[in-house]
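A short write-up of the structure that comes next.
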Amino acid sequence: MRLPRLAKGTKARSTERDASAPGETRALYQVVGYLLPPLVALFIAGVAWEIWVRVADVPTYLIPAPSRIFERLFDGIGFFVKHGGITLGEALAGFALGSAVAIAGATIMAHSRLLERSLFPLAVLVKVTPIVAVAPLFVIWFGFGSFPKILIAALITFFPVLVNGLVGLRDVRTESLEFFRSVSASKREVYWKLRLPGSLPYLFAAFRISVPLAVIGAVVGEWFSGDRGLGSVIIVAHNNLDMPTLFSAIVTLAVIGIGLTIFVWYLERRVLFWHESNIIT
Amino acid sequence: MTTTSNITTQGIRHSFSTTGESLHVLDDIHMDIGQGEFVSLIGPSGSGKTTLLRIIGGLLSQTEGRVSIAGVEPVEAQRRKDIGFVFQDAALLPWRTVEQNVRLPLELNTSSNGRGDAELGRLLAAVGLADFGNYYPHQLSGGMKQRVALARALVFDPSVLLMDEPLGALDELTRSAMRYELLQIWEQSRKTVLFVTHSISEAVLLSDRVIVISPRPGRIVDDVRIELSRPRTKEVERTTKFLDYADRILESLSRETAFVSAATPTGEGD
Ligand SMILES: Nc1ncnc2c1ncn2[C@@H]1O[C@H](COP(=O)(O)OP(=O)(O)OP(=O)(O)O)[C@@H](O)[C@H]1O
Ligand SMILES: [Mg+2]
């Protein structure tokens, strides 16, 4: 009987089920309450845009009407799903790679000030180098496949995770550390049972930042090479002044970004149910 | 009480050297604590009680002097799982349930004497948390958290229990209830307890001996044997004998720190 559900706030186990039903309804209202105003605003903006384009007779090769964009999007839904999927895959692979390397790096640096002082400036160097500047290089080095895109996404993901991971791994309560020492726990045990779980709130804060960044990285990579993914769709559409396709690609990217953000948020709620940020609601 | 001593310290002296300056915290501490004895340490804030406890528990090495726990050095005793620690702040892991927190020491260093689930259940029952094994720390009250910390310290069945103001963060009612619970648990297990507190009445109620520490650098200024019959009940707190002990300890404390008596006329520190 290991129920992380209990964490949701109600203390008495017997009343939990009864209490959860109105609780869920309330949560639903809350979500609707969050989503409705921006959706309405978006809808009004879309309608205004549509009217403006029609009344002012703006040419489609400059700004297409929303109706044209959605027409293109739904006609070619398979096309956008396919390329969106490629971009999403590259972004996720890059995110995973960048995060893994960053967490490994943070682990090393958290255990040695000397290594921190020698490696951290290198990480800063990687961070301050504009990604657009290195992207063409990666294409030359790693060819036209997915790999250079994944690498760019990884590179852009790396820094926020490294910095937060480092702070998170170091942010351990002295008393917890003393307790682990008092039962003569090894460094490895302190890491796996205390430091790493304790750093999760920091890591999730970084993930929230780097997940959308990874998508940017993948798109930038696609600009420079290959004929797959939304980045290359955008470049091709741009060359052809095919605005409806270009805008549709942008909408697809926005959907991917929103989806990923919601997913990370959901995951955070599940994993960090014990953290202050999730307890007070 | 048997006469074999469990904790002995000889001439412990400790200085912290931070930023070049040296801070003399403990001076010439001699103690001899018998097997199964309940000893309280009381003294003004900053007198080095926590430091002494950390030295005895093997978390800090003293500048001078010797400590032995059941005949061995603290670090060795720690390795043998012979020391249980309870801190002022329960310091539970918030991502683990009560049961998983109590089990934690067993998961570390898997070589040592493991306890079965039945025993874990009995331990939780002993601290009155039988029904809360699946709760998370944020779902517990302060008193419950301290009970989890106590269970966690007892999970290896150590012979020595070091407690640093374990009830300090609790409100007065919970605190007084927890005292009696602690007494009950202790009476069943008869561990050697070294208990730091700021409350004189708490020290008298719980202890076989109360050791009074002077302001920094901390020295032992009094060592009062509390000869009140056990098991101790609420009534004992109103006996003249009890009040005499409390008076004597307050006296010893006041002699060293003029402001203590002025600040705490009721004899309750902090
Ligand atoms: N790690 C440390 N480094 C430097 N100085 C320290 C350290 N730990 C404690 N001290 C100093 O040692 C002195 C005694 O501290 P200690 O925590 O042992 O006091 P205490 O008797 O437990 O006080 P309290 O009753 O307030 O808990 C204090 O002056 C404190 O500033
Ligand atoms: Mg202290």
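Structure summary
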read-out: Selection within the range A:255-281 - open to solvent by less than 50 Å² (accessible area, probe 1.4 Å), farther than 15 Å from residue A:92 by Cβ and either away from chain B (no Cβ under 12 Å) or among the charged types (D, E, K, R) (or both); value: A:268
read-out: Residue count for the range A:151-184, restricted to those that are among the hydrophobic types (A, V, I, L, M, F, W, C) and open to solvent by less than 20 Å² (accessible area, probe 1.4 Å); value: 10
read-out: Answer residue from the range B:18-37, given it is touching a helix residue (DSSP H, G or I) at 6+ places or on another chain (Cβ under 9 Å) and closer than 14 Å to residue B:217 by Cβ and is nearest to ligand 1 (Cβ to nearest atom) among those; value: B:25
read-out: Sole exception among (1) under 19 Å from the mean Cα position of the chain (by Cα); (2) polar (S, T, N, Q); (3) farther than 30 Å from residue B:135 by Cα; (4) within 12 Å of ligand 1 (Cβ to nearest atom) for residue B:15, by number; value: (1)
read-out: Residues located in the range B:43-66, provided they are open to solvent by 10 Å² or more (accessible area, probe 1.4 Å), touching a strand residue (DSSP E or B) at 6+ places or on another chain (Cβ under 6 Å) and away from ligand 2 (no atom under 13 Å from the Cβ); value: B:62, B:63, B:64, B:65, B:66
read-out: Filtered residue count, the range B:67-113, keeping only those that are away from ligand 2 (no atom under 16 Å from the Cβ), touching a residue at least 60 places away in the same chain (Cβ under 8 Å) and among the β-branched types (Val, Ile, Thr); value: 3
read-out: Residue within the range B:94-108 that is touching a Ser or Thr at 6+ places or on another chain (Cβ under 7 Å) and not charged (D, E, K, R) present; value: no
read-out: Test: residue in the range B:62-69 that is more than 16 Å from ligand 1 (Cβ to nearest atom) and within 9 Å of chain A (Cβ to nearest Cβ); value: no
read-out: Single residue of B:173, B:129 found to be open to solvent by less than 10 Å² (accessible area, probe 1.4 Å), more than 13 Å from chain A (Cβ to nearest Cβ) and more than 16 Å from ligand 2 (Cβ to nearest atom); value: B:129
read-out: Residue A:218 being within 18 Å of the chain's Cα centre (by Cα), open to solvent by less than 20 Å² (accessible area, probe 1.4 Å) and more than 14 Å from chain B (Cβ to nearest Cβ); value: yes
read-out: One residue from B:100, B:88 being under 25 Å from residue B:222 (Cα atoms) and within 10 Å of another protein chain (Cβ to nearest Cβ); value: B:88
read-out: Helices (runs of 4 or more DSSP H) wholly inside the range A:14-126 containing at least 2 residues that are farther than 22 Å from residue A:256 by Cβ and at pLDDT below 90; value: A:16-56
read-out: So residue B:193, is it touching a strand residue (DSSP E or B) at 6+ places or on another chain (Cβ under 8 Å), within 16 Å of ligand 1 (Cβ to nearest atom), away from every other protein chain (no Cβ under 14 Å) and open to solvent by less than 20 Å² (accessible area, probe 1.4 Å); value: no
read-out: Leading residue by the ranking (farthest from ligand 1 (Cβ to nearest atom)) among those in the range B:38-59 that are within 14 Å of another protein chain (Cβ to nearest Cβ) and out of contact with any His (no Cβ under 9 Å at 6 or more places or on another chain); value: B:58
read-out: Hey, residue A:94 under 16 Å from the mean Cα position of the chain (by Cα) and away from chain B (no Cβ under 14 Å) or not; value: yes
read-out: Unique match (being out of contact with any Lys or Arg (no Cβ under 7 Å at 6 or more places or on another chain), within 16 Å of ligand 2 (Cβ to nearest atom) and not aliphatic (A, V, I, L, M)) among B:40, B:15; value: B:40
read-out: Criterion (modelled with pLDDT of 95 or more, over 18 Å from the mean Cα position of the chain (by Cα) and not small (Gly, Ala, Ser)) met by exactly one of A:203, A:196; value: A:196
read-out: Residue that is farthest from residue B:8 (Cα to Cα), among those in the range B:206-231 that are more than 16 Å from ligand 1 (Cβ to nearest atom), under 14 Å from the mean Cα position of the chain (by Cα) and outside any loop (DSSP other than H, G, I, E, B); value: B:206
read-out: For residue B:170: the one exception among (1) within 16 Å of ligand 1 (Cβ to nearest atom); (2) touching a residue at least 40 places away in the same chain (Cβ under 8 Å); (3) under 30 Å from residue B:140 (Cβ atoms); value: (2)
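The values are calculated or read from the model by the stated rules, or taken from the named source; none is laboratory data. Here the structure is a predicted model, which means the values were calculated and not measured. Cβ: placed from backbone, ideal geometry, glycine included. Neighbour counts: every protein chain shown. These accessible areas exclude ligands, DNA and RNA; they are computed on the full protein's heavy atoms, side chains included. Shrake-Rupley method; radii C 1.70, N 1.55, O 1.52, S 1.80 Å.
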